[in-house]
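Contents: one structure, followed by commentary.
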Amino acid sequence: MHSFGYRANALLTFAVTILALMCAIASLSDNLNTPSPSAQIEILNINWFQKQPHGNDEVSLTLNITADLQSLFTWNTKQLFIFVAAEYETPKNALNQVSLWDAIIPAKEFAKFSIHTSNKYRFIDQGHNLRSKEFNLTLHWHVMPKTGKMFANKIVMSGYRLPEDYR
Amino acid sequence: MGWIGESIESVKSMKIRDSLFQFITLGMIVSSALIIWKGLMCITGSESPVVVVLSESMEPGFQRGDILFLQMSKDPIRTGEIVVFNIQGRDIPIVHRVIEVHEQRQSGEVRILTKGDNNDVDDRMLYAQGQFWLKQEHIMGRAVGFLPYVGWATIIMTEKPIIKYILIGALGLLVITSKD
């Protein structure tokens with residue numbers, strides 16, 4: 001009952017249980033944080049707007065993305081993964097979500113930013129429905145914790161419109 | 001002569017009873033582990049409720065050796081979700097993020113495109129020949145939680161199977177030689 005094996009076993013089990021408990025509590029503490037993020041996206045320029053040889057529309061945009069996401073960081077946050085997606089509907093598809101740009105914010109200091117960028121990923125439609133298309137731009141963020149549950153949320157900005165003709 | 005035979009009989013039967021008891025205990029341990037695993041599969045709705053991250057394609061968020069807790073619900077997949085999927089012809093599941101979703105109006109089917117955070121290009125190259133999109137049925141689960149470093153045990157045992165055999169051998173030896 002008091003051999004080395006028993007003691008080592010009891011110690012290890014106890015240590016692992018405590019570690020698991022601490023990870024769970026760390027994750028639960030994330031719920032205490034009430035974030036208040038803000039963001040704005042402005043389309044600075046439509047670089048070009050074409051119909052590809054296969055018949056799909058493609059657009060290239062330059063965006064100005066300004067955001068303050070500092071309130072999302074807690075002590076249990078490893079990084080924030082943010083991305084901007086264009087959302088729109090077409091006659092054939094009830095919903096289309098196309099990711100245009102993403103970034104990883106590794107620490108709170110970098111979470112307040114304003115950047116000019118063209119779309120990192122190609123904005124291609126399934127079809128040729130993009131002329132005069134109204135669409136929303138959403139800024140999504142995923143909080144990746146040091147341990148535990150991951151959170152995600154978004155800000156939807158509507159009112160953007162593509163030009164009537166190809167350029 | 002009679003009582004020697006009797007005592008030998010009693011010793012033999014005790015040994016058999018002990019070893020049977022240990023065998024049953026081992027069986028109980030294995031069965032409970034299986035019950036817990038299958039139970040988790042039911043609760044989370046995913047074929048594999050816990051996966052180990054094997055590649056660096058999601059760094060710096062997920063490193064090799066981290067484990068992810070998965071859940072699968074009937075809610076349609078949306079961009080930004082981290083999903084685990086299988087490609088035909090590959091046996092290891094891939095953990096990447098969804099970057100494009102097209103949901104068809106009539107059938108409700110979704111077409112999904114994924115990409116690893118640390119990769120420069122999307123996953124079209126990884127999909128099967130002629131496959132340009134993933135569908136909801138290819139997705140095994142969404143990642144909802146994460147624990148760092150715990151998966152290294154699985155990685156070591158997969159990459160150096162010697163260690164797996166040594167461990168099982170040592171455990172077996174421990175079970176057989178323990179006196180109670």
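The values are calculated or read from the model by the stated rules, or taken from the named source; none is laboratory data. Here the structure is a predicted model, which means the values were calculated and not measured. Ideal geometry is used to build each Cβ from the backbone, glycine not excepted, and the neighbour counts take in all protein chains shown. Heads up: the accessible areas ignore ligands, DNA and RNA and are worked out on the full protein's heavy atoms, side chains in. Shrake-Rupley method; radii C 1.70, N 1.55, O 1.52, S 1.80 Å.
What the table below lists for this structure:
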| item | result |
| --- | --- |
| Any hit, the stretch B:19-26, residues being surrounded by 10 or more Cβ atoms within 10 Å (Cβ to Cβ) and under 18 Å from A:MET150 (Cα atoms) | no |
| Matching residues in the stretch A:146-167 - criterion: being within 14 Å of another protein chain (Cβ to nearest Cβ) and in contact with a Lys or Arg (Cβ under 6 Å, 6 or more places away or on another chain) | A:LYS146 |
| Selection within the stretch A:64-80 - open to solvent by less than 30 Å² (accessible area, probe 1.4 Å) and either at pLDDT below 90 or closer than 27 Å to B:PHE146 by Cα (or both) | A:ALA67, A:LEU69, A:LEU72, A:PHE73, A:ASN76, A:THR77, A:GLN79, A:LEU80 |
| Tabulated pairs, the stretch B:90-102, first within 13 Å of another protein chain (Cβ to nearest Cβ) and closer than 16 Å to A:THR138 by Cα, second surrounded by fewer than 21 Cβ atoms within 10 Å (Cβ to Cβ) and aromatic (Phe, Trp, Tyr), C-beta under 7 angstrom, 6+ apart or interchain | B:ILE99/A:TYR121 |
